[in-house]
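The structure appears right after this line, and notes come after that.
Nothing in this text is a laboratory measurement; each read-out follows from the coordinates by a stated rule. A quick note: this is a predicted structure, and the numbers were derived from the prediction, not measured. All Cβ positions, even for glycine, are placed from backbone atoms using ideal geometry, and neighbour counts span all protein chains on display.
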Amino acid sequence: MLETVVPKKQFLSDKAALFTESVIREMTRQALLHGAVNLSQGFPDFAAPAEIKRAAQEAIGADFNQYAITWGTKNLRQAIARQTQLWQGIDVDPERQITVCCGSTEAMISTLMAVCNTGDEVIIFEPYYENYGPDSVLSGAKPVFVRLHPPHSNDGEWTFDEAELRAAFHSRTKAIIVNTPNNPTGKVFTRSELELIRDLCVEHNVLAVTDEIYEHILYDDARHVSLARLDGMKDRTVTINGLSKTYSVTGWRVGWTIGPPDITSAIRKVHDFLTVGAPAPLQEAGAAALGLPPSYYESLAANYRARRDRLMPALTDVGFRCFRPRGAYYIMTDISAFGYANDLEFTRFLVKEIGVAAVPGSSFYRDPQDGAQQVRFAFCKKDETLDEGARRLCKLRG
Ligand SMILES: Cc1ncc(COP(=O)(O)O)c(C=O)c1O
């Protein structure tokens, strides 16, 4: 028998070699392996609203079981357009401006693939949601990072330096990604920060791609402003959002883009050939979800505020320095007090010895050293889960 020796890596693309598996998702696997309380990945461990589960069951019962229109069912697109007008005062044509995708994850990669050429630069605020790194690589773009600086006091805001941001814009800049409310910092970009970003986008003819998936999860009177509603941004913004976080259905995989018609046409083509479409019955349920009354969104935010205020003192108490989030459902912490060489060593110890899974801060930075003394905790969990996590973390006191 002929033996052929296949050199290792012969079949792998250069692109695939440029990034690793998601560290966040790996931490969930570690939590399962070690029986740890999972405060790592951002998914709720409590029930989704009964109304929308019923709507999904009814949609399957009514045989919404075949491919939907590739860019999304009419009902869902109409509901998105209606709510975007209600919440942000933005007029959207559901026929020409919305593309429903398999989660905002696919919405982001489809958008970047639709707009980026090899060598284009994409500005990303750092620390950043880890998907944006691989998204840039896969779309051929070069990420250019602008630092969000942690506040000096635990109660302060993460900020960026205007000069640093200005310096990141130049002739090769194609787009800037703005995630507000922000994962992992909990920052909610202010209107004046967004106006500065707007001015730079207009001056340099740059597209803004916003990830607004935590739009309704806000604390301490923080207000969410969509970049698309600022003067001059309607035709140069792609807004990304989805069902995952607002309706506690991260496993449903329904998200969307809202953008100008010409960019939407390009996104729709990429989306069609990547996935054909998002799950049809869950899109119907999504249309029902978007019709929930204002009280739903008020209690969503109030319940998350209570969870934040439950976990944060427990973390502070055992030695973490917490940066108070104004939105989203994560607490970024500084772990210097524990004297560990780096975040990976510390989170390994946490998951194996303490029984709590958290995300190493380095996974949110290009240079792991920059996040080596930071760890992120998710608080989208039941009170019992948070309390059990806090109980286990008490062992750190010793
Ligand atoms: C900022 C941000 N964008 C997108 C996602 C993923 O969203 P989806 O479930 O809609 O793909 C997450 C999930 O944690 C996130 O934190």
### Summary
For the pair Arg191 and Leu274, the simple spin-label estimate (label points 7 Å beyond Cα toward Cβ) gives in nm 3.3 nm
### Task
Based solely on C-alpha atoms, express the radius of gyration and the Dmax of segment 134-184 in angstrom.
13.2, 39
### Proximal aspartates and glutamates relative to Lys269, as straight alpha-carbon distance under 16 Å, when same-chain residues fewer than 8 apart are discounted
Glu95, Glu106
### Query
Under 13 Å from the Cα of Lys245, which aspartates and glutamates turn up, not counting those fewer than eight places away in the same chain?
Asp45, Asp211, Glu212, Glu215
### Task
Would you compute, for the Cα atoms of segment 1-118, the largest minus smallest coordinate along each principal axis and list the three values in descending order, in whole Å?
63, 44, 34
### Message
I need the calculated FRET efficiency for the pair Leu292 and Gln10, taking r as the beta carbon distance and R₀ as 51 Å, to the nearest 0.05.
### Response
0.45
### Residue pairs, from the table Lys142/Lys382; Lys142/Lys352; Lys53/Lys381; Lys15/Lys74; Lys352/Lys382, whose Cα atoms sit over 29 Å apart
Lys142/Lys382; Lys142/Lys352; Lys15/Lys74
### Query
What value does segment 81-208 have for Rg/Rh, both radii from Cα atoms and Rh as Kirkwood defines it?
0.97
### Summary
Using the Kirkwood formula on alpha carbons, the hydrodynamic radius of segment 36-104 in angstrom works out to 14.7 Å
### Query
Which value in nm describes the separation of the simple spin-label points at Gln369 and Asn65, placed 7 Å from the Cα toward the beta carbon?
5.8 nm
### Task
List the pair-distance distribution P(r) of segment 117-275, using every Cα-Cα distance, as the percent of pairs falling in each 5 Å bin from 0 up to the bin containing the longest distance, rounded to whole percents.
2, 8, 17, 23, 23, 16, 8, 3, 1, 0
### Query
So what's the back-of-envelope 222 nm ellipticity for the chain, counting only DSSP H runs of four-plus at -39500 (n - 2.57) apiece and dividing by all residues, rounded to 500?
-11500 deg cm²/dmol
### Semi-axes of the equivalent ellipsoid for the chain, Cα gyration tensor, largest first, Å
31, 26, 24
### Query
Which whole-percent values make up P(r) of segment 92-147 when all C-alpha to C-alpha distances are grouped in 5 Å steps starting at zero?
4, 19, 26, 21, 15, 10, 4, 0
### Task
Could you sort 108-119, 142-153 so that the peptide with the highest average Cβ count within 10 Å comes first and the rest follow in order?
108-119, 142-153
### Query
Taking the simple approach of a point 7 Å from Cα along Cα-to-Cβ for both Asp231 and Asp262, what is their distance in nm?
2.3 nm
### Query
If you average the sequence gap of Cα pairs under 8 Å that are 6 or more apart and divide by the length of segment 1-99, what percent do you get for the contact order?
14 percent
### Length released on extending from His152 to Glu353, taking residue separation times 0.36 nm less the Cα-Cα span
69.3 nm
## Note on the structure
Rounded to whole Å, √(5λ) for the Cα gyration tensor eigenvalues of segment 259-393, largest first, gives 35, 22, 14
